[in-house]
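One structure is given below, encoded as structure tokens.
The values are calculated or read from the model by the stated rules, or taken from the named source; none is laboratory data. As the structure is a prediction and not an experimental result, all values here were calculated from the model. Side chains are part of the model used for accessible areas, which takes the heavy atoms of the whole protein and leaves out ligands, DNA and RNA. Shrake-Rupley method; radii C 1.70, N 1.55, O 1.52, S 1.80 Å.
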Amino acid sequence: MKGFLLRWEWQIAISAIVVGEITCASLFGWKGFAGMAIGLGATWFNSWALWAIIKLLGATAKESQSTKGGVVLIVTAFLLKLPILIGLGLFTRMIGGQALPCFVAGLGMVYFALIGWACAHS
């Protein structure tokens, strides 16, 4: 099973995203589709910012040189990731309907995918 997941990880992730978006769109209309898309995007951004700051700290520990612009971008993204997530959550609440529950479902999909990825790569 682990070998299967490692071999097809991107195809599985893309398939899950497409199925989630189609499900939200068919059950809840455009508001569900928008909520899921915003949730997926926001959570992927949060995951990227966290991963980038961890890599930056690892490079600092190894005393390697990094570009100043890249460091500023990564630290800014890391510090803004939570306010962006909260702001997008409030935005989906303003959209109304099922946008907020679909937003939260998108967050859950990404976090569960990251847990699955971590388990498959351990």
Listed by chain and number, the lysines with an alpha carbon less than 22 angstrom from that of residue 68, same-chain partners under 8 positions apart left out, are 55, 81
Matching label for the computed Cα Rg over 2.2 N^0.38 Å, out of (i) 1.03; (ii) 1.18; (iii) 1.23, is (iii)
Between the Cα axis of helix 68-95 and the main Cα principal axis of the chain, the angle (0 to 90°, nearest 10) is 20
So for the range 76-116, using the alpha carbon gyration tensor with a ≥ b ≥ c as root eigenvalues (a/c under 1.5 gives rounded; past that, a/b versus b/c decides prolate or oblate), I'd call it oblate
Rounded to the nearest 10, the angle in degrees between the Cα long axis of helix 99-121 and the longest principal axis of the Cα atoms of the chain comes to 40
Residue-normalised 222 nm signal for the chain, counting each DSSP H run of n ≥ 4 as -39,500 (n - 2.57), nearest 500 deg cm²/dmol, is -32500 deg cm²/dmol
In the chain the accessible area split gives carbon plus sulfur, as whole percent at 1.4 Å, a share of 77
Mean separation of Cα contacts under 8 Å (at least 6 apart) over the residue count of the range 7-122, i.e. the relative contact order in percent, is 42
accessible surface per residue for the chain, probe 1.4 Å, DNA/RNA/ligands not counted, whole Å² -> 66
Expected field for residue 100, accessible surface area in Å² at 1.4 Å probe radius, rounded to 10, holds 60
